[in-house]
């Protein structure tokens with residue numbers, strides 16, 4: 001029987017240490033740079049989509065951000081980062097959900113997604129993601145998506161992904177968002193291989 005998306009990621013986080021997964025980075029430099037460049041003050045509502053057990057939330061807490069949510073499909077991933085943060089974990093809103101099933105009455109000013117969007121390969125799921133982002137991000141809010149470029153891998157963690165360029169990303173979200181910043185990034189994995197990403201920053205119209 002084929003695993004569900006949730007089962008797949010629960011298995012990944014159950015069997016691998018964070019330092020062993022390809023997306024591991026001790027310091028999320030690009031994300032933190034964008035946070036600074038766009039002047040995101042520490043009272044703004046931030047949500048990290050597919051945060052897993054990344055260190056982005058640690059740095060947000062260190063920088064005294066006070067309205068942080070982390071969403072991930074894997075409850076095991078969220079538990080791992082909560083264990084790591086210990087008492088600081090109570091200062092974060094933890095959301096166990098598949099992004100295309102996410103519903104929130106709360107509006108977020110800063111939407112951060114590093115390496116979730118490219119796992120959505122069905123047009124209906126891509127459309128749903130764009131709709132959920134539009135519903136969840138506040139007026140004039142900012143959406144950051146880091147995704148595999150046309151030079152990136154065709155698979156990640158055993159799953160096929162969808163590659164993007166600047167024009168294609170803009171087209172997906174053009175109904176509700178304007179692309180205002182674009183950069184190409186090479187991520188070095190723990191196995192010392194290169195992964196080519198693009199990071200796109202959008203303003204909500």
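The values are calculated or read from the model by the stated rules, or taken from the named source; none is laboratory data. Keep in mind that what you see is a predicted model, and the values were worked out from it rather than measured. Cβ atoms come from the backbone with ideal geometry, glycine included; neighbour counts cover every protein chain shown.
Here is how the numbers come out for the structure above:
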| read-out | value |
| --- | --- |
| Residue within region 160-173 that is over 25 Å from residue 127 (Cβ atoms), touching a helix residue (DSSP H, G or I) at 6+ places or on another chain (Cβ under 7 Å) and either modelled with pLDDT under 95 or assigned to a helix (DSSP H, G or I) (or both) present | no |
| Odd one out for residue 196, checked against (1) in a strand (DSSP E or B); (2) closer than 18 Å to residue 50 by Cβ | (2) |
| Among (1) over 16 Å from the mean Cα position of the chain (by Cα); (2) buried (at least 18 other Cβ atoms within 10 Å of the Cβ) - the single one residue 87 does not satisfy | (2) |
| Restricting region 104-134 to residues that are part of a loop (DSSP other than H, G, I, E, B) and without any contact (Cβ under 8 Å) to a residue 24 or more places away in the chain, the residue that is surrounded by the fewest Cβ atoms within 10 Å (Cβ to Cβ) | 105 |
| Unmet requirement for residue 127, which otherwise passes all of (1) under 29 Å from residue 58 (Cα atoms); (2) at pLDDT 95 or above | (1) |
| Selection status of residue 75, modelled with pLDDT of 95 or more, farther than 23 Å from residue 34 by Cα, surrounded by fewer than 18 Cβ atoms within 10 Å (Cβ to Cβ) and out of contact with any helix residue (DSSP H, G or I) (no Cβ under 6 Å at 6 or more places or on another chain) | no |
